[in-house]
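The values are calculated or read from the model by the stated rules, or taken from the named source; none is laboratory data. Just so we're clear, the structure is a prediction, and the values are computed from it rather than from any experiment. Here the Cβ is made from the backbone with ideal geometry for all residues, glycine too, and neighbour counts use every protein chain on show.
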Amino acid sequence: MFLRKHQHTIDDNNRLAIPSSIRKCVDEKKEGKGFFITPGLDKCLALYSPLHFEETSEKLTEPMFTNRKARNFQRLFFSRSSFATCDEQGRIVIPQLHKDYAGLKKEVVIIGVMDRIEIWDLKHWNEFEEDNEQNFERDAEDLFRLGSAPNQ
């Protein structure tokens with residue numbers, strides 16, 4: 001399980017160091033080596049171990065192919081996904097397509113979110129945190145009241 005928040009920088013060669021505390025959470029024998037980089041929601045990037053990418057992919061193939069929203073999401077999600085492995089310094093290369101999608105500049109925030117890692121532009125993350133921090137307790141009450149997400 002991925003946890004915590006880390007502030008890092010993307011270098012001039014689009015390399016980003018993945019914190020060792022995050023890398024240590026991946027059991028390469030069980031989960032596979034490297035990370036799938038995908039478009040995340042709310043204009044961030046999501047990184048999945050190969051095992052968790054496969055599990056997520058299975059969930060995304062469940063909707064009927066006749067469902068337009070499912071097809072459109074699948075097309076964009078999979079066509080914009082790529083794979084990266086860490087170099088000897090624990091860095092991955094962030095493709096320009098992904099940097100553009102998430103608006104990543106030099107300063108980024110890497111957060112662990114259970115089965116995935118999210119990469120946010122620092123400014124965008126700070127805005128997200130500021131906008132949502134005040135709702136944290138209320139959202140928790142709504143989410144855990146009946147053991148499921150609220151009807152919006």
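Brief remarks follow.
- Long-range neighbours under 6 Å by Cβ, at least six apart or interchain, first residue on the phi > 0 side of the Ramachandran plot within the range 75-98, second surrounded by 12 or more Cβ atoms within 10 Å (Cβ to Cβ): Gly90/Ala17; Gly90/Ile18; Gly90/Arg23
- Gly40 being on the phi > 0 side of the Ramachandran plot and surrounded by 11 or more Cβ atoms within 10 Å (Cβ to Cβ): no
- Qualifying residue in the range 1-17 (condition: touching a Phe, Trp or Tyr at 6+ places or on another chain (Cβ under 8 Å), closer than 21 Å to Glu129 by Cα and modelled with pLDDT of 95 or more): no
- Scanning the range 95-139 for residues that are within 15 Å of the chain's Cα centre (by Cα), basic (Lys, Arg) and within 20 Å of Asp12 (Cα to Cα) yields one hit, Lys99.
- Scan the range 61-73 for residues that are surrounded by 13 or more Cβ atoms within 10 Å (Cβ to Cβ) and more than 21 Å from Asp100 (Cβ to Cβ) and the total you get is 3.
- Near pairs, Cβ below 9 angstrom, 6+ apart or cross-chain, from the range 1-30 (free of Cβ contacts under 8 Å to residues at least 24 places away in the same chain) to any residue that is among the hydroxyl-bearing types (Ser, Thr, Tyr): Val26/Ser49; Asp27/Ser49; Glu28/Ser49; Lys30/Ser49
- Scanning the range 21-37 for residues that are under 13 Å from the mean Cα position of the chain (by Cα) and either at pLDDT 95 or above or surrounded by 21 or more Cβ atoms within 10 Å (Cβ to Cβ) (or both) turns up Phe35, Phe36, Ile37.
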